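A quick write-up on the structure given underneath.
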Amino acid sequence: MRRSCLSVPASDRAKVGKAVGLPADEIVVDLEDSVAADEKARARSELAARMPELTLGGADRRGPGERGGHRMVP
């Protein structure tokens, strides 16, 4: 059961880094609404490059629309 959801903008490197260390049940790294149009491409490529270093301590890493399995989606 998920009780808390933390949403952070992918364009803010510091917030993404801090989020993975917080006790939220779910972390959503937003690549759309919270990212300025001219920052989207940079935010996407930077997040994809950082995924291996972002450890979620066994948290659920399902991608959009997935109902099972654990998969990290850049």
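The residues in the range 3-30 that are polar (S, T, N, Q) and assigned to a helix (DSSP H, G or I) can be counted, and the count is 0. Can you pull out every residue in the range 4-26 that is surrounded by fewer than 15 Cβ atoms within 10 Å (Cβ to Cβ) and of a type in the set (D, E, K, R)? Scanning the range 4-26 gives Arg13, Lys18, Asp25, Glu26. Any residue in the range 28-50 that is among the basic types (Lys, Arg) and either modelled with pLDDT under 90 or in contact with a Phe, Trp or Tyr (Cβ under 7 Å, 6 or more places away or on another chain) (or both)? Yes, the range 28-50 has at least one match.
The values are calculated or read from the model by the stated rules, or taken from the named source; none is laboratory data. Because the structure is predicted, anything quoted here is derived from the model rather than measured. Because the Cβ atoms are built from the backbone with ideal geometry, glycine has one as well, and the counts that use them run over all protein chains shown.
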